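Report on the following structure.
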Amino acid sequence: MSDFIHHYEAGGTERPPLLLLHGTGGDEHDLVPLGRTLAPGAALLSPRGKVLENGMPRFFRRFGEGRFDVEDIKLRAAELAGFVEEARERYGIAQPIALGFSNGANIAAAMLLLAPEALAGAVLLRVMTPLVPDVLPDLAGKPVLMLSGSADPIVPADDAGRLASLLREASATVQHQVLPAGHGLTQADVNLSARWLAEAG
Ligand code: MLT
């Protein structure tokens, strides 16, 4: 696990830990304040993406905006799932709920589809469909909140809907809302995520 730079904050056992996954150009500190606000008292595990795009950390390679390197996504999702497993042992924490923004939401969605044992559920903020797996996993009992922006210039309008359908087909419990927002987060994202996490946890 030493090969993921990460930030860890211990928390209580009353609610699941959060796995914080930042957007392109972020780092392990980016989502910590949001995580603290959304799930007070939860342990926070926050790795830094290892792929560099013009010096900006990400969680997988892409060929251009929205053009993903699917083979790299598969490798990186497995690698991140391995990190989560080792971190759970090292810190003695339960299966986390992912809280991912943009590129971080995309790798969280890939983990749900390819390595579902790593996550208890996920909050996916401004997510896209990272890939369509050959075989759908069984996501029964896994809650997923997806919040999209109706004016998001990065995520094509029907792309997140496609992911919601895929996750539902895999039996996840999906709540997908499209907010009057762009790619950036709004107060509505904060309020809805906090309420959802309080119920999910
Ligand atoms: C991605 O590359 O994962 C998405 O386009 C989101 C982003 O801009 O990072």
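So if each residue of separation counts as 0.36 nm, and I subtract the Cα-Cα distance between Val70 and Arg195, what length gain in nm does that give?
41.7 nm
Net charge within 12 Å of Asp27 by Cβ-Cβ distance, Lys/Arg positive one each and Asp/Glu negative one each, not counting Asp27 itself? The partial results should precede the final answer.
Details: positive: Arg48, Lys50, Arg58; negative: Glu28, Asp30.
Computed value for this residue: +1.
Rank by packing, highest mean first: peptides 116-127, 61-72, with packing defined as the count of other Cβ atoms within 10 Å averaged across residues.
For the peptides 116-127, 61-72, the packing ranking is 116-127, 61-72.
Let me spell out the model: positive unit charges on the Cβ of Lys and Arg, negative unit charges on the Cβ of Asp and Glu, origin at the Cα centre of the range 6-200. What dipole size does that give, in debye rounded to 20?
Approximately 180 debye in magnitude.
Per residue of the range 9-15, in order, report the coupling 6.51 cos²θ - 1.76 cosθ + 1.60 (Karplus, θ = phi - 60°) as ³J(HN,Hα) in whole Hz, putting x for Gly and Pro.
Residue by residue, the range 9-15 yields 10, 5, x, x, 9, 5, 9 Hz.
Using heavy-atom solvent-accessible surface (probe 1.4 Å) with all chains present, what is the largest-first order of Thr129, Thr13, Thr186?
Thr13, Thr186, Thr129
Show that you can apply the helix-only estimate: for the chain, add -39,500 (n - 2.57) for every DSSP H stretch of four or more residues, divide by all residues, and state [θ] at 222 nm to the nearest 500.
The per-residue figure over the chain is -10500 deg cm²/dmol.
Net charge near Lys50, counting Lys/Arg +1 and Asp/Glu -1 over other residues with Cβ under 12 Å of its Cβ?
With Lys, Arg at +1 and Asp, Glu at -1, the net is -2.
The values are calculated or read from the model by the stated rules, or taken from the named source; none is laboratory data. Predicted model, so just to flag it, every value in this text is computed and none were measured. Reconstructed Cβ throughout: ideal geometry from the backbone, glycine too, with neighbour counts over all protein chains shown. In case anyone asks, the SASA skips ligands and DNA or RNA and just uses the protein heavy atoms, side chains included. Shrake-Rupley method; radii C 1.70, N 1.55, O 1.52, S 1.80 Å.
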